Structure formats: C-alpha cells, structure tokens
1. Can you tell me which residue in segment 85-143 is nearest to Asp190 (Cα to Cα), limited to those that are touching a Cys at 6+ places or on another chain (Cβ under 8 Å) and small (Gly, Ala, Ser)?
2. Looking only at residues that are out of contact with any Ser or Thr (no Cβ under 6 Å at 6 or more places or on another chain), of a type in the set (A, V, I, L, M, F, W, C) and closer than 17 Å to Lys157 by Cβ in segment 197-221, which one is surrounded by the fewest Cβ atoms within 10 Å (Cβ to Cβ)?
Amino acid sequence: MGCGVLTEADFGLCGACWRDTPFIGGAVCESCGVPVPGATDGFRIECDDCLTSPRPWSDGRAALMYQGKARSLVLALKHGDRPELARPAAGWMARAGRDLVKSNMLIAPVPLHWTRLIKRRYNQSALLAQHLGREVGLECCPDLLIRNRRTPVLDGKTARERDETLMGAIDVHPRRSERLRGRDVLLIDDVMTSGATLSACARACLASGANHIFVLVLARVAKDA
C-alpha cells in the first residue's frame, strides 16, 4: 500500500512502512480520539481542547495520527487517485472504533460540494463509510448530508475561522431525513483537524432528529503533528 514492495497479502504494508505508520493505541481522548498521556482508569478521559470546547457529538475515535506514512496514505487516497486504499483503511477504522458501533446505527460520510466531487471524481470519506459499513454490518447512507455551498479550503485557518466558514454550509438531504430520525449516527471523515466540519455535520443531524452522534476518522491531526 505504501511503497509498492510485494507483501504476503493484498493491501498490506511492508515492515518499513508499518513502522512509519503511527497507529493510535493506549489512552485516548474519548471525544476526539487524540492520544493522551497516562492510562485508562475507568473514568472518562478528554483532552484539553475538548474540555475547553465540548463537541456536539458523544464520542470520537481515530485510527492513525496524521504524520509519517499515515499522512502519505491519506493524501494518496484523497488526491492521488488511490480509491483502493479505502478498503484496508476502513478495516483499521473498524478496529479503532469498535467501542462506538451500535445496533441500528446509521453510517454517513462528511459530504463534498458537487463542484469538488466532479473535480476529484469520488468522495474519499464516502468510500471509507461504505467499506466500514460492510466491515461492521451497518447501513451506510452516502448522501445523508449535503454541502449547500462551496466553502474555501480550511487549511491555515483557526478553529474559530473554520467554524464561521462552515456555519450553515451543511444540511441533511431533504429526502434522507427520515432515515436518521431517532437513530444513532456514525459520521466518517478521512482527517480531523479542529473538528469544525464534523461539528457542522453533527449539528445538522441533531437538528433533523438524530439520537446520538459519534465520529470516526482515519487520521487525527495533533497540535504537535
């Protein structure tokens, strides 16, 4: 997957790439999935950011840190025309998010604006969501959410600027609202930075009658990443 070297199984990583892929393990913030120091003690653990600005979802997890080989894999999936990477990545996400999965939960990806979808040809988050649904046996609705306007690239913006940019930009598809009413929703994205996009998605779902919202991402950006 990472460098083209032959491996024993399809979609595998060689030893060197595996060592350079920062899988998340140990104690994590239960809201956003970022690793935290110490060990679990039976009480809820949250990072400073989530304590300062509570998330509009219940729990969140991430499979990888957005650095090293993980960053290369995410960029290959997102911009490098490597949609086949979504299948093994969804397997990693399933393991990272096993505590989030609940019966009758609806899986939904973060949406792309139609202009970006035409340019990119696929929504990497939707691919991850569909493969994850098959992995854990849950229903996936790829177009549950829509972006009603094109927003500028969020790279380089502060968390507050990201929130302001996304204000009112994401809605539940009017023909899909019945599918989430009263159900738990698992939101899927490739990367979480500040969480502004996932927050906008979570608020849209809650406003349309969803029960509880959970988030699961392939990679998490940390302040020191």
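Bear in mind these aren't lab numbers, they're just calculated from the coordinates by the rules spelled out. Predicted model only: the values in this text are computed from it and were never measured. Reconstructed Cβ throughout: ideal geometry from the backbone, glycine too, with neighbour counts over all protein chains shown.
1. Residue satisfying both the conditions and the ranking: Ala129.
2. Ala200
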